[in-house]
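Each remark here refers to the structure printed beneath this line.
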Amino acid sequence: LQALYMTPELRQGVLDASSTVDQKELPPLPKSVAALFSRLSTGSRACSTAPLTKTLRGHGMNRQQDCHDTYLLLNDRLETDLKGTAQKWLTQDLFQGKQRDYVTCQTCKHTSFTEDLFCNISIDLPTAGTRTSSADGKIKGGESSRAGGSDGDPETDSEREGDGEGHSIVSALRASLEPEQLVGEDQSECAIQHLTRTLPNMAVGP
């Protein structure tokens with residue numbers, strides 16, 4: 001919720017939907033998210049998430065979830081509930097991307113590709129040091145900050161947050177895009193190899 005709140009376009013979009021749509025017609029989830037964002041923007045104390053979590057009961061959120069599963073469910077519900085409003089494309093415009101996966105044959109060098117839409121990316125990060133966190137169901141608004149300050153460069157900032165050995169979100173993204181060799185059952189048969197083995201055994205007519 002803090003990450004979504006600190007995304008200005010999403011925060012403003014939800015607040016705009018809440019202010020322009022009749023409150024009787026706006027579904028409970030975007031209404032609760034907008035109310036929480038409003039309290040975070042104007043209040044000086046930690047805000048309870050109880051009203052929001054109450055609206056999520058019975059929608060796959062009545063059991064313990066990790067952060068990733070919670071985000072996916074929350075994002076999906078927001079996308080559904082904002083349909084029919086001016087913000088119906090809000091989550092797709094902000095979070096949806098297209099990924100193209102290439103496969104190059106090492107025999108004939110032909111390259112093929114497939115395209116898939118995604119709303120989140122899974123990357124491998126090193127285990128971070130133990131951090132203290134609050135489990136009282138309250139979150140705080142305000143500006144994000146880091147010890148030691150920031151020069152405003154997101155790549156430099158992410159490198160600084162590594163473990164001292166060059167690990168960061170940026171390097172993890174680069175690593176996820178490194179080419180890999182398909183072996184064993186993951187391999188696809190090259191058409192040229194198939195024809196090379198097949199043609200000598202074919203009967204040739206007059």
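The values are calculated or read from the model by the stated rules, or taken from the named source; none is laboratory data. Since this is a predicted model, take the numbers as computed values, not measurements. Reconstructed Cβ throughout: ideal geometry from the backbone, glycine too, with neighbour counts over all protein chains shown.
On the given criteria, is T55 among the β-branched types (V, I, T) and without any contact (Cβ under 8 Å) to a residue 12 or more places away in the chain? Judged against the criteria, T55 is not a match. Taken over the range 167-180, the criterion of being at pLDDT 85 or above and either in a helix (DSSP H, G or I) or over 19 Å from Q99 (Cα atoms) (or both) is satisfied by V170, S171, A172, L173, R174, A175, S176.
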